Each structure stands twice: as structure tokens, then as C-alpha cells.
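Below is one structure, written out as C-alpha cells, with a few remarks after it.
The values are calculated or read from the model by the stated rules, or taken from the named source; none is laboratory data. The model shown is predicted, which means the values in this text are computed figures rather than measured ones. Note: ideal-geometry Cβ built from the backbone for every residue, glycine included; neighbour counts use all protein chains shown. Just the protein is used for accessible areas: all its heavy atoms, side chains included, with ligands, DNA and RNA removed. Shrake-Rupley method; radii C 1.70, N 1.55, O 1.52, S 1.80 Å.
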Amino acid sequence: MKTITIARLGSHKTVVFAADELKKYLSEMDKTVLVDVLVCQQYDQHKKNYLWVGTDEAFADRLPKVKNPTYDDSILLDVTDFCGIITGGNIRSVLLAVYRFLKELGVAFVRPGPDGEVIPQKKLNTCQISLCETPSYRHRIVCIEGSTGYSHAQHVIDWVPKAGMNGYFIQFFLPYVFFERWYSHPNNPALQGEEITREDCQHLLNKLTEDITLRSLVYEAVGHGFTSSVLGLVSDGWSTVAEEDVDPDMTQYMAMIDGKRQVFKGSPLNTELCFSNPTVRSKMVDIAVNYCKENPDVNHLYFTLADEGNNHCECEDCQKKLPSEWYVDMLNELDERLTKEHIETKLVVAVYMDLLWAPKQNKLNNPDRFIFEFAPIQRNFRSSFADMDLDKEYPERPFVRNRLNFPGNVGMLHHMLKNWQETCPGCDAFDFDYHLWSVHLKDLGYYGISRTMSRDIHVLDQLGLNGFVSCQLQRVAFPTNLPMETMAQTLWNKDTDFETMAQTYFINAFGPDGAAVKDYLEKISQLLSAEYYYGEKVVADWTPQDYVDRLTQGKAFIRSFRNTILEHVNRPLLPAQKKSYEYLLLHSEVAERFADIAIAKRLHQTERADKLVTDCEAYLASIEETTHPVFDSWRMGKILELWMNYH
């Protein structure tokens, strides 16, 4: 029996996990091989028959040089016949290197979760793998959103390093809203809902923290919630409160709008404060400092104001400065406090909503503390960042308090980012974007949005951005995980060719005939998606009948390909590939229903359209027990709304 000896360097929990993962997958690939793990304290170059896994000073000169070894990953693989070195420039990179080694052997992780693991069965006799790489971008992170159970989030956290990404962002002090949406099943009477308490949620958060730190991922946290915490109100979601439930003593701290200080539209999370009030600023900073002390595992703290626009205080003192200037005052004070406490947590600065207008009177004092979060939530996806003319001059858009018209043009948004960057030259920055929050639902094949994401990420460095944080639903693999695969691969190598990458992905996900599925879903994106939304084609001059014809063609195309899907469901494939076809079969049923809804809408058959929507909702609910690992039903209403208004 052949033996592969993994020599694990040290006992750091992530290196232990990396060695165990390597042993697990190698053993599953070839059950005739004995995989053994030895624990060594340092590398011994004379022991040639070991597969060394971990970090050692002896490897340092062979790894790529990076700017910040803590946050910038690098990997080195030098393995011949399962003897050699698997290492990285930091502990996290060791895990990334192990997964990259497995992928070089043919393993693929085509979607989050165990049913997305493609593990080829092969003899592990020989191999020759030599590579030394560092990713194109530092920030390669997924942010929790949508309706999420523990397993959904855990599967994404597990997938992140497998895909070569490096971090996870858990929003709010307690991500109650995301868990409550899943466990209560408010949109699906077919599933038994259950109550989840905030104590339950804290337990789940603790488990997710363990999952993140086990892998030494960059841990990002909070964001919105600081303003509502100052008021002593709910800060873990967008729920509303009645006026009588608000402590009258807190009213003085709220933003004054139209002469009144009150909770903005009933939502504490969306309520700004009177930032000229020194007590408000002090309370905000105190909350952040205490959070950092109590949560030392958090690497990046998003210190963010309310989640809404046109809601800043109109009192005489607040109007003396832009909101961004009051914000910078607090950030600088927070930096000073953390420095005195010897706390190294980095602070994420939101370039978002009213804060798009950069400060004019003051600047951030410590570039090493801050990271700009460019969050262009107003952008449209009719064009990519790659379509921008970086030399174009944009007129300065005036700041009119609470009367702002937020730009959707990516060029104008980038111009506003540059104004911020001038306040803190050399400050780190990333794109915080929303490709997979809801816009992907307009693209039934997921092909158009994946291409747009590829083109966006390709040029991030030209915008002064060192990566991407994806604010997204956790379950976006229905019909495939192509958008997330695109994100991960292009963040690792910005020059990744999209079509070549997609071809490989579909073969991994669907087996030898994956190219046919690629062509099918690309065609679905063309026939059954709002093409104009992705900038591929202007269709404003189409008549209603033109749309009906296109939709009818798409429906017929789905039906013709369904036989191919059915054939493959019953073929001998690897389990993950078989599952891919099972999901694709259910997706074809959904896509055909969406086409029917849009056709009825275009023909002004209102009653029929309404009935089709009801039937589609019932069908989606009936299959959720099967599809929930890959499809977020919380957006069900949004999907149907989009298709009811298809144009």
C-alpha cells in the first residue's frame, strides 16, 4: 500500500485543520493510499519523503514578497510525487495552498456545501506541481445577507478558502435578522417555522466566529447599528418601533428633520443622530471601543452610520459641517482611543449614501488604521466599471442636505470616491458591491451578471481599489455557482479570461457534457433576462410582441433542453455533478414558469398573470426543502415582482 506522509509544521489550529483537510481529500480520492500525519516543529530539508505543510523560516525566501504579510496572501507549492512543500506567507495562506494543491489534482468545489465537492477517483501515484503565486487583490470577502440558517453561512465560510478567498463579514452586533428570516420561514407555509431568540442567535454567532477563526480568515463585523445602539434601540435588523416605546430621554440625540427629532420612518437602524452633540459622538466612540475590547477576533470593524439617505440632522450646529466631516471627527477620535488601548483593529470607512460627499474641512489622520469601503449601492448594472472613461471630468455635485439625488453613474460615483481618497492618501480601499444581493435574479442563467462581475473586478486596481466585498445572499447557486466562482477566480487573478474559466467550471460542475450546459444557460441569459440591464443590448425600441416572441422562444428552448437534463440525471456521474443536474432540472421548471408570467404580463392578461404568480409561489415553496442549499426563498417575492414588471 502506498503511503503519503504529511509533515505538519507546528500546532496552530489552522495548520492542523489544513493538514486534516489534505488527508481527508487525498484519502477520498484514492482509498488504496494510506495518508499519515506527523507533527514536526521545523522543516528538515534532508527528509525528502515528506509532504511538508505549514510555515517555516526556511520557506521565506521562496515566497512572493507582499506589502502586508498579515493581510496579503501568498502560496508556494513545490511537490513531486506527493513529497515536497505546501506553504504560504501567513497561516491562512497555508490553508489556501492546501486547497489549491487539491484543485491541481482535480478536486473542485463547484458550490458551497458538501454536495458541491467534486472529488475524482484516481490513483495517487505521481504528480508534479510547482507554483508560486500571490492574488491580484487583498480583499476577497463575502458578506452575510438574505435569509440564512447556520448551515448556509457555515457552508459559505467553508467555501471561502477553498475558492481562494480570504474573509467573511457578519453584519450587525448580532445578525438576528438574517437568521430569523430563515428559521421562521415567513414566506413558506410548507416548512415548519420555529422561533429563534436573540440568545439562540448569539450561540449561532459564536459558532460562526469559531468557523472563521479556525480558518484564520479575515473577520469583519458590525456596520450599521451604532446609531441605534446610542439610542438604546434594536440594532440587529430593520424592524420598526412605536413612538411610545422610545425612551423620551433619547430624543435629544436624534437628528432633527423638518423641526422634529424622532425615529426616522420608525426604523432605529435608519435613524441618524445629532452629530454636533459631543455626547452623541462620545457614546458612538465608546460603543466601538468596547466592542473591539470584547471581540478581539474581529480584524475589521465597519464603523458605519445609519442605513438610509437624506436623513441627517438639520439643527444649526450640525449644518456647520458636512455629515462626512462629523463622521471623520468620530473616526479620528476612535483611532486615538484604540491606539491608547493598543488595539490594532482596523476601521472601515463607509463611502455610502450621504457620505459619498467627501469632507472638505478635515482629514483622516492615520492611513494605517482606516480602509475605505466604496459602497455604490445606487449604481446600475447597465455598464461595468470597465466601461468607464477614467480621464473624464465630472462636475462637482453640490451637497444639499436631505435633498440629495444620489448618482447611479459609476463614473460619477468613482469621482466621489477619489475625493475621499484625497483626504487620506495611501489609505487602503475596496469595492463593497451588490451583484448578488438581488440584481442577479433578473438573469435566469446567471451568465450576464457573472460576466459583468468579471469585468468589474478586472479593473478594480485602476480605480484605486484593492479588492471586493460581496454583499450578497448566501445561496446563489440556482442554477449554478458561476457568479461566485467568477468572483473568486478573478479576485485571485484579475486577468482570468471569463469564457475559459466558465468552460472549466461547467465541466467540473456537470461532467464531460458541461459545455452543453454552459451554452444552454448562456442562451437562457440572452432569451429570458433583462439584457439591457447588463449593458449587452438596448431593447427600448422593442414592441410588446417582440418581447413575447423572445420569451416564447426561451420557453421552447428550455423544454427542448430538459430531455438532455433528464438523461444526465440518470447517468453515472460523480455525486456533486449528478446533484448539479438535479438542481438544473428544478431550475428549468422555475424558468419556464417565469417565462409564462412575463408573457401574460406582456399580453396584458392580468388575471392569468396573477394566477401564474400564485402557482409559481406554490411551486417554489414545494421544492424549497430540496433547493434551500442553493436558493434563497426570502427573495421569492422580489423575483416575482421583477418578472411581473418585466420590460
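Can you find, among Ser622, Val569, Phe430, the residue farthest towards the positive end of the dipole of the chain? Put +1 on the C-beta of Lys and Arg, -1 on that of Asp and Glu.
The one lying farthest along the dipole's positive direction is Val569.
Among all the aspartates and glutamates, which ones have a C-alpha under 13 Å from Lys442's C-alpha, if same-chain residues fewer than 8 places away are not counted?
Qualifying aspartates and glutamates at Cα under 13 Å: Glu531, Glu641.
Check the straight Cα-Cα distances from Lys122 and name the aspartates and glutamates below 18 Å, setting aside those fewer than 8 residues away within the same chain.
Straight-distance partners of Lys122: Glu21, Glu28, Asp30, Asp81, Glu104.
Taking the full set of protein chains and a 1.4 angstrom probe, give the accessible area of Lys523 in square angstrom, rounded to the nearest 10.
Estimated to the nearest 10 Å², Lys523 gives 70 Å².
Need one number: % antiparallel among DSSP beta bridges in the chain, to the nearest 5.
Taking every DSSP beta bridge with both residues in the chain, the antiparallel ones total about 30 percent.
With every protein chain in place, what's the accessible area of Glu393 (1.4 Å probe, Å², nearest 10)?
150 Å²
In deg cm²/dmol, rounded to 500, what helix-only [θ] at 222 nm does the chain give when every DSSP H run of at least 4 residues adds -39500 (n - 2.57) and the total is split over its residues?
-13000 deg cm²/dmol
Enumerate the lysines that Lys494 could reach by cross-link, defined here as Cα to Cα under 21 Å, with residues fewer than 8 away along the same chain left out.
Leaving aside lysines fewer than 8 places away in the same chain, those within reach of Lys494 are Lys65, Lys67, Lys103, Lys162.
Just read off the accessible area of Val234 with the full protein assembly in place, 1.4 Å probe, to the nearest 10 Å².
Surface open to solvent at Val234 totals about 30 Å².
Of the labelled options (i) 86, 71, 54; (ii) 80, 67, 54; (iii) 135, 87, 39, which one gives Cα extents along the principal axes in Å as computed for this structure?
From the options (i) 86, 71, 54; (ii) 80, 67, 54; (iii) 135, 87, 39, the structure gives (ii).
Just give me a number: lysine pairs in the range 554-642, eight or more positions apart or cross-chain, with C-alpha atoms less than 19 Å apart.
Summing the qualifying lysine pairs gives 5.
At a temperature of 25 °C and a viscosity of 0.890 mPa s, determine how fast the range 419-558 diffuses translationally according to Stokes-Einstein, using the Kirkwood radius over alpha-carbon pairs as Rh; express D in µm²/s, rounded to the nearest whole number.
In µm²/s, the coefficient rounds to 149.
Share of the range 191-345's accessible area from carbon and sulfur, percent, 1.4 Å?
Using a 1.4 Å probe with all protein chains present, the range 191-345 comes out at 42 percent carbon and sulfur.
For the range 110-269, give the share of DSSP beta bridges that are antiparallel, in percent and rounded to the nearest 5; count only bridges with both residues there.
25 percent
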